[in-house]
1. With the requirement that a residue be under 21 Å from residue 28 (Cα atoms), open to solvent by 70 Å² or more (accessible area, probe 1.4 Å) and of a type in the set (Gly, Ala, Ser), what does region 122-141 give you?
2. Taking into account only those residues within region 28-48 that are without any contact (Cβ under 8 Å) to a residue 12 or more places away in the chain and not basic (Lys, Arg), which is farthest from residue 169 (Cα to Cα)?
3. Can you confirm whether residue 51 is surrounded by 15 or more Cβ atoms within 10 Å (Cβ to Cβ) and under 26 Å from residue 168 (Cα atoms)?
4. In region 1-17, what residues are open to solvent by 20 Å² or more (accessible area, probe 1.4 Å) and touching a Phe, Trp or Tyr at 6+ places or on another chain (Cβ under 6 Å)?
5. Out of curiosity, is residue 59 closer than 16 Å to residue 3 by Cα and either under 21 Å from the mean Cα position of the chain (by Cα) or hydroxyl-bearing (Ser, Thr, Tyr) (or both)?
6. Considering region 18-37 alone, what residues qualify as being open to solvent by 60 Å² or more (accessible area, probe 1.4 Å) and among the hydrophobic types (A, V, I, L, M, F, W, C)?
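The values are calculated or read from the model by the stated rules, or taken from the named source; none is laboratory data. Since the structure is predicted, the reported quantities are computational estimates derived from the model, not experimental observations. Every residue, glycine as well, gets a Cβ built from its backbone with ideal geometry; the counts of neighbours run over all protein chains shown. Accessible surface is based on the protein model in full, side chains and every heavy atom, while ligands, DNA and RNA are left aside. Shrake-Rupley method; radii C 1.70, N 1.55, O 1.52, S 1.80 Å.
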Amino acid sequence: MNEKFFDLKKEKQDRMINAGLRIFALNGYRHASTDEIVREARISKGLLFHYFVNKSGYYAFLYDYITRYTTLEINSEIRNTAIDYFDLQDQILETESHLMETYPFLFLFLESVRLEEDQEGLDSIEQQSRTVADYYADMLAGTDTASYLRINDISKITEIIRYIKLEVMRETLIDRSNAIPRYRDKIAGYLKILRHLAANL
């Protein structure tokens, strides 16, 4: 990657990042078209390849950048993780919603990377050992679950929350108007229901 990418105006950087996040998230690596990416980013293909050389270089940059950005932002926003499990989930939701204001397809992109099967795409990110999912697992491991003893495996609740979030993202991001507030409100409602169901009688 050409480090001069970061000399570009932030608005242009974000256009180039967001175009890739969206197209890769919706299509996977193999079927993501660089023609569609540059059209959405409103740049030339020559400019894209000037900074990232090729499709795999661009993909690797996006994954590395988004992984670092997400973990740094969550770490700066959420300092104390040794709290009630659902209180932490509420904080995570607020932070994720804030991140999605800048990069709406951030988490759908990370999910598409998790499911990726194309070898070229996988090879381009093979040096990335620690994932955002690993960071989340560590963060949630220290939460207080004493109020939810009816559930013998809190990791199952974590999985349910992840699946719900991804599905609601897919629904709300199709219509971009007011998408993030609608996403946040919907997930907050689901978290409230899950908290109630998990609580001891």
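1. Residue satisfying the conditions is 129 alone.
2. By that ranking, first place goes to 46.
3. Here the answer is no, as residue 51 does not meet what is asked.
4. 1, 2
5. So residue 59 passes the test.
6. Scanning region 18-37 gives a single hit, 26.
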